[in-house]
Amino acid sequence: MIMTYLILAFIGFIAALTPGPDIFFIIRNGLCYGLKEAILATIGILTGNLIYLFLVYIGLSIVGNNPYFQFIIGIFGAVYLLRISILIFKEKVRLNNSCTMKKNSYLQGLFLNLSNPKAMLFFSIVITPFLGKNIKISLLALFSGIALAFFIASVISSKIELKEKSLNLVNKVIAIIFFIFSLKLFLLAYESFFILFK
């Protein structure tokens, strides 16, 4: 029984470390602003995860398959990610004042996570095989693995010291990745639009 929950935690840990907007945002904040801002970004992202896990828990995971939901969240998420990617891409890193796009890391992390409807779909899909088990413990195990991965990424990225040129390169790469994710969300919204208006 305990092995099942450890497997779920491990799945969450690995999934959190795979390339995606959340992990890149945490790493960028750690590199640019240090541990405090990386932790705030992590807490914001984890707050979004808790909201999605709560929706899965109360049985609203079917909302994620609703074309209206996918269209609205797809447009919102794409515009938000596109905005962030442009700001990061235009930013010039100076080590004496670090990266300049620092706003509210918690809220940015929260909105970044909530703008990704695939997060709720992921939770729904991963948790489904474990529905016969204790759902609360299953969700807690999954969340714990995700949280552990994000906090480790926060600590490691805040300890790495890079030169201005390297930080500018990291910014450009992350901006391009965010741009690609925004295009994927636009595509999701586009596909949902045609499902709605067939």
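Computed values, structure above
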quantity: Counting all C-alpha pairs of the stretch 136-182, share separated by more than 14 Å (%); calculated: 69 percent
quantity: Relative packing of peptides 8-20, 160-172, 71-83, 138-150 - highest average C-beta neighbours within 10 Å first; calculated: 138-150, 71-83, 8-20, 160-172
quantity: Cα pair distances of the stretch 15-57 binned at 5 Å [whole percent]; calculated: 6, 24, 25, 23, 13, 5, 3, 0
quantity: Inter-site label distance for Leu187 and Lys172 at 7 Å from Cα along Cβ, in nm; calculated: 2.4 nm
quantity: Simple spin-label estimate for Ile180 and Val155 in nanometres, 7 Å along Cα-Cβ; calculated: 2.9 nm
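Here, each number is a calculation from the coordinates, and none is a lab measurement. Note that the structure is a prediction, hence the values are computed from the model and not measured. In this analysis, Cβ positions are derived from the backbone assuming ideal geometry, glycine residues included, and neighbour counts consider all displayed protein chains.
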